[in-house]
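Notes to accompany the following structure.
The numbers here are math on the coordinates, done by the rules we state, and not lab data. Keep in mind that this is a model prediction, so the values were computed, not measured. Please note: Cβ atoms are built from the backbone with ideal geometry, for glycine as well, and neighbour counts cover all protein chains shown.
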Amino acid sequence: MPVVDSSVVVPVPVATAFAVSQTMGATRLRWDPFIRRQHLLDGATAPAKGVRTLTVHRLGFRMVSEYVSYNAPTNVGMKMTEGSWFFERLGGGWRFGPVDGDAESTLAVWRYNFSCRPRWLAPIAEFIGARVLQRDIDRRIAGYARGCVDPVVLAAVGYPASGA
């Protein structure tokens with residue numbers, strides 16, 4: 001199963017970095033080039049383990065994913081439950097940790113794994129898919145890094161704390 005990952009150091013504390021990654025709506029669209037829209041399903045009002053999310057990719061592909069872990073502010077994991085016909089499986093995890101010696105910076109590491117179908121086409125599809133997904137994840141985490149310095153995004157997650 002192919003694995004792609006990307007990482008970036010952002011100049012905000014871990015809790016803020018995590019909060020930026022979980023934004024939705026107009027705030028999310030300010031930094032996330034991957035999506036056209038995204039929202040929680042089934043009446044959920046906040047992300048949590050078991051919550052499902054509908055994501056529409058910028059090219060129109062639709063995916064329903066489920067949080068398989070949600071451990072603020074250090075990590076979140078998801079798996080695709082419905083999506084494009086060519087993905088047999090798709091899962092991802094985002095981890096956030098302090099940068100040694102700098103409490104005001106965070107290392108964000110995003111990792112995805114997937115497999116394609118039909119099985120006879122999988123070797124070629126996964127070879128191509130790994131390169132396309134890598135490009136998308138690199139673009140997405142770069143957008144996330146821009147979000148972590150965007151005053152509008154930071155204000156939406158309450159950073160800096162009032163009075164700071």
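Rounded to 0.05, the FRET efficiency of the LEU54 and TRP120 pair, given R0 = 30 Å and the Cβ-Cβ distance, is 0.45. Take the Cα of GLN134, step 7 Å toward its Cβ, do the same at ALA26, and the gap between the two points is 3.8 nm.
Restricting to Cα pairs below 8 Å that are 6+ residues apart, what does the relative contact order work out to for the chain? Please round to a whole percent.
Here the relative contact order equals 30 percent.
Each part reduced to its alpha carbon centroid, the range 1-55 and the range 92-119 end up 12 Å apart.
To the nearest 500 deg cm²/dmol, what mean residue ellipticity at 222 nm is calculated for the chain from DSSP H runs of n ≥ 4 alone, each contributing -39,500 (n - 2.57), summed and divided by the residues?
Value at 222 nm, helices only, nearest 500: -9000 deg cm²/dmol.
Mind checking the angle between helix 122-147 and the chain's longest principal axis? C-alpha axes, 0 to 90 degrees, to the nearest 10. With both axes taken from Cα atoms, the answer is about 10 degrees. The residues packed around THR53, meaning those with a beta-carbon under 13 Å from its beta-carbon, carry a net charge of +2 if Lys and Arg are +1 and Asp and Glu are -1. Summing +1 for each Lys or Arg and -1 for each Asp or Glu among the other residues whose beta-carbon sits under 13 angstrom from that of VAL68 gives +3. Loop-located trypsin sites (Lys or Arg not before Pro) across the range 24-102 with a Cβ neighbour count of 14 or fewer within 10 Å are LYS49, ARG58, with loop assigned by DSSP.
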